[in-house]
């Protein structure tokens with residue numbers, strides 16, 4: 001894909017679920033456009049391969065293990081971003097959990113909780129941390145949430161997953177207006193832009 005028309009030189013991007021599939025492809029395209037890219041997921045060997053691919057394109061690449069359902073991991077991830085790059089311009093929330101397929105009569109609590117924690121709580125609080133960094137650095141940024149058509153149409157056996165994707169779509173819209181909430185400190189300078197992408 002030709003990205004020569006889109007320069008991200010000097011920008012820093014973070015892609016969760018970046019070790020394979022959609023996340024890997026996004027990370028490599030961001031590098032092609034000139035961005036330095038941090039990739040995160042649970043498996044370091046797979047991440048390191050992608051980081052090396054990014055470096056081969058002449059960009060800085062960093063692999064950081066993080067489980068999207070664990071706040072400690074997400075906090076460590078953002079600390080690594082700040083330590084290594086000092087800024088963040090683009091966050092792509094792509095990591096997702098769906099450990100089982102089960103209908104409403106057979107879904108158990110543990111996998112349900114994992115899906116909601118990784119796909120909703122993880123997206124929300126990582127976005128919060130990224131937005132805080134973007135606002136503080138005064139240059140704004142972009143937060144992209146990868147959703148699914150499952151957020152609009154339920155698939156049998158994937159009820160909780162579809163619920164989580166619908167929540168991701170909904171959570172993408174309100175935040176920009178909240179930056180100027182008069183109950184808070186006042187309007188933020190250059191808040192990040194948010195976007196949702198629904199993939200099949």
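The values are calculated or read from the model by the stated rules, or taken from the named source; none is laboratory data. Just so it is clear, the model here is predicted, and its values are computed rather than measured. Virtual Cβ from ideal backbone geometry, glycine too; neighbours counted across all protein chains shown.
Take the conditions assigned to a helix (DSSP H, G or I) and modelled with pLDDT of 90 or more and apply them to residue 130. Does it pass?
Judged against the criteria, residue 130 is a match.
State whether one or more residues within segment 63-77 are in contact with a strand residue (DSSP E or B) (Cβ under 9 Å, 6 or more places away or on another chain) and under 22 Å from residue 139 (Cα atoms).
Yes, some residue in segment 63-77 is in contact with a strand residue (DSSP E or B) (Cβ under 9 Å, 6 or more places away or on another chain) and under 22 Å from residue 139 (Cα atoms).
Looking at segment 80-100, which of its residues are without any contact (Cβ under 8 Å) to a residue 24 or more places away in the chain and closer than 18 Å to residue 51 by Cβ?
The answer is 83, and nothing else.
Kindly establish whether residue 64 is in contact with a helix residue (DSSP H, G or I) (Cβ under 9 Å, 6 or more places away or on another chain), surrounded by 15 or more Cβ atoms within 10 Å (Cβ to Cβ) and farther than 20 Å from residue 145 by Cα.
Details: in contact with a helix residue (DSSP H, G or I) (Cβ under 9 Å, 6 or more places away or on another chain): yes; surrounded by 15 or more Cβ atoms within 10 Å (Cβ to Cβ): yes; farther than 20 Å from residue 145 by Cα: no.
So residue 64 does not fit the description; no.
Go through (1) surrounded by 16 or more Cβ atoms within 10 Å (Cβ to Cβ); (2) more than 15 Å from residue 95 (Cα to Cα); (3) within 14 Å of the chain's Cα centre (by Cα) for residue 27 and report which single condition fails.
So residue 27 meets the others, but not (2).
Take the residues in segment 147-175 that are surrounded by fewer than 13 Cβ atoms within 10 Å (Cβ to Cβ) and either in contact (Cβ under 8 Å) with a residue 12 or more places away in the chain or under 14 Å from the mean Cα position of the chain (by Cα) (or both); name whichever of them is farthest from residue 115 (Cα to Cα).
Within segment 147-175, the match that is farthest from residue 115 (Cα to Cα) is 173.
Would you be able to say whether some residue in segment 75-95 is in a helix (DSSP H, G or I), surrounded by fewer than 15 Cβ atoms within 10 Å (Cβ to Cβ) and under 14 Å from the mean Cα position of the chain (by Cα)?
Yes, some residue in segment 75-95 is in a helix (DSSP H, G or I), surrounded by fewer than 15 Cβ atoms within 10 Å (Cβ to Cβ) and under 14 Å from the mean Cα position of the chain (by Cα).
Looking at 40, 19 in this structure, which one is closer than 20 Å to residue 134 by Cα and surrounded by 21 or more Cβ atoms within 10 Å (Cβ to Cβ)? Step through it out loud before you land on a result.
Values: 19 fails: closer than 20 Å to residue 134 by Cα.
The conditions single out 40.
Against the definition (surrounded by fewer than 16 Cβ atoms within 10 Å (Cβ to Cβ), touching a helix residue (DSSP H, G or I) at 6+ places or on another chain (Cβ under 7 Å) and modelled with pLDDT of 95 or more), how does residue 71 come out, yes or no?
Details: surrounded by fewer than 16 Cβ atoms within 10 Å (Cβ to Cβ): yes; touching a helix residue (DSSP H, G or I) at 6+ places or on another chain (Cβ under 7 Å): yes; modelled with pLDDT of 95 or more: yes.
Against the criterion (surrounded by fewer than 16 Cβ atoms within 10 Å (Cβ to Cβ), touching a helix residue (DSSP H, G or I) at 6+ places or on another chain (Cβ under 7 Å) and modelled with pLDDT of 95 or more), residue 71 qualifies.
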